[in-house]
Amino acid sequence: MMYRKTVLDNGVRLVSEQLDHLKSVSLGIWVDAGSRDEDRSENGISHFLEHMIFKGTRTRTSLQIAKELDAIGGLSNAFTGKEHTCFHGRVLGKHLPILEDILSDIFLNSTFNPEDMELERQVILQEISMVEDTPDDNIHVLFNQQFWMNHPIGMSVLGTNETVSAIQQKDILQYIHRFYVPDRIIVVAAGNVEHDSLVAYFKPLFEPLSKGPVASRRTAPRSTPGVIAQFKDLEQVHLCIGGEAPSLSDDKRFAAAILNTILGGNMSSRLFQEIREKRGLAYSVYSFMTSYLDTGLLGVYVATDRKNVNPVLEIIQKEIKRVNRGEVSDSELDTARDHLIGGIYLGSESADNRMMRLAKNEFVFGRHVPCEELVSNLERVTVDDVIHVAIDTFRHDRVSLASLGPLREEEIDKGCLHLESS
């Protein structure tokens with residue numbers, strides 16, 4: 001295993017981790033820009049750009065791109081997040097030069113043909129409709145809008161029908177000029193790769209990129225406590241409740257990860273056992289943690305019958321209050337910790353996971369963070385650490401609730417939002 005990093009003269013970073021035991025290599029071109037960098041009027045442009053970048057370059061059509069990847073048995077994809085956009089693929093090591101050629105071509109030479117944009121616009125509008133028709137996805141969109149109200153981080157990555165319908169070629173080209181600039185670009189590879197070869201290929205292509213304008217700095221979001229209830233004729237009511245959690249670089253994130261696991265992170269977790277296994281009140285129930293560069297969110301999702309909403313909220317309240325009162329045992333802590341450590345090491349056996357960890361650690365810390373360092377930090381977490389994070393996360397002035405389904409706001413027992421121990 002060998003980690004190496006090269007910074008080109010213009011600021012583009014090339015990062016690799018050579019893993020000789022793997023036959024495959026995962027390659028990603030990352031940009032430090034996502035939906036939180038958008039104005040409200042252009043919401044969805046990061047995601048629109050991600051779609052369009054595969055639709056043809058000066059020398060390749062979208063069909064040629066697909067055929068060339070299929071011909072080498074390659075897997076390619078892209079995703080847009082709140083803070084980053086990534087174009088990536090995985091192939092056998094011997095086919096890396098072809099993948100490098102395709103990914104660099106679409107990244108540097110896409111044409112954003114207006115006719116193709118009109119076709120892809122319809123695809124994205126269908127994607128937005130699909131999320132709206134999928135309540136267990138849509139509830140998270142609603143919750144984020146409530147929790148991060150009046151901040152770009154609360155907007156949907158997909159955008160809205162109105163904003164996506166208005167985006168034109170010139171808007172995408174202006175967005176690229178603002179954000180697809182050298183000091184925001186990282187080329188990352190993990191697996192069967194030699195760093196010097198990676199640099200030899202990408203340096204002549206990426207070093208000529210000129211530095212763009214100084215982008216406006218991101219502003220830290222502030223959570224908005226409260227309730228949003230969207231009435232919809234569904235079979236179930238979908239709920240999200242949560243509070244602010246540590247950021248990606250906060251030392252408390254390790255205790256928060258353990259708290260998340262204890263509450264609803266696996267099948268032996270408190271909420272899974274109490275709500276599903278012991279009472280049969282829900283099929284789907286889990287807790288989740290989403291962390292960003294400057295903040296985070298720890299919440300609980302559950303889908304249940306309308307008549308069970310308040311009983312389920314009471315159980316969630318009870319379990320969070322138990323943690324706040326200190327009712328966490330050493331064995332419960334150890335079990336949650338071991339679950340997370342297992343996930344870290346199992347994930348490390350995937351070239352894709354290694355590539356993504358390299359990129360995210362470069363964005364957040366500017367360095368490689370070995371798995372052993374994460375494990376060491378998890379092993380230092382105490383019961384008191386978990387309790388303090390729970391108390392801080394579920395303060396009354398930080399908690400929000402969103403519901404989607406056949407339920408009106410006045411039917412929700414607001415007392416269940418008081419999660420602090422009495």
Name the one entry in 314, 327, 372 that is of a type in the set (D, E, K, R), part of a loop (DSSP other than H, G, I, E, B) and loosely packed, with under 15 Cβ neighbours inside 10 Å. 327
The lone condition residue 9 fails out of (1) more than 21 Å from residue 365 (Cα to Cα); (2) more than 24 Å from the chain's Cα centre (by Cα) is (1)
Across (1) more than 22 Å from residue 14 (Cα to Cα); (2) surrounded by 16 or more Cβ atoms within 10 Å (Cβ to Cβ), residue 181 clears everything bar (1)
Residue 300 meets each of (1) within 25 Å of residue 376 (Cα to Cα); (2) hydrophobic (A, V, I, L, M, F, W, C); (3) not in a helix (DSSP H, G or I) with one exception, condition (1)
Here the residues within region 224-247 that are more than 30 Å from residue 181 (Cβ to Cβ), touching a Gly at 6+ places or on another chain (Cβ under 7 Å) and surrounded by 16 or more Cβ atoms within 10 Å (Cβ to Cβ) are 236, 237, 238, 240, 241, 242, 244, 245
Just checking, which of 163, 111 is of a type in the set (Ser, Thr, Tyr), closer than 30 Å to residue 9 by Cα, in contact with a Gly (Cβ under 6 Å, 6 or more places away or on another chain) and at pLDDT 95 or above? 111
Looking at region 248-291 only, could you name the residues that are crowded, with 18+ Cβ neighbours inside 10 Å, in a loop (DSSP other than H, G, I, E, B) and polar (S, T, N, Q)? 269
Just checking, which of 32, 105, 101, 39 is closer than 25 Å to residue 177 by Cα, of a type in the set (D, E, K, R) and touching a strand residue (DSSP E or B) at 6+ places or on another chain (Cβ under 6 Å)? 105
Among the residues of region 61-98 satisfying the criterion of being surrounded by 13 or more Cβ atoms within 10 Å (Cβ to Cβ), modelled with pLDDT under 95 and not polar (S, T, N, Q), which is nearest to residue 30 (Cα to Cα)? 75
If a residue has to be in contact with a Ser or Thr (Cβ under 8 Å, 6 or more places away or on another chain), more than 22 Å from residue 4 (Cα to Cα) and in a loop (DSSP other than H, G, I, E, B) to count, how many in region 190-239 make the cut? 6
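The values are calculated or read from the model by the stated rules, or taken from the named source; none is laboratory data. Predicted model, so just to flag it, every value in this text is computed and none were measured. Note that each Cβ is placed from the backbone with ideal geometry, even for glycine, and that neighbours are counted across all protein chains shown.
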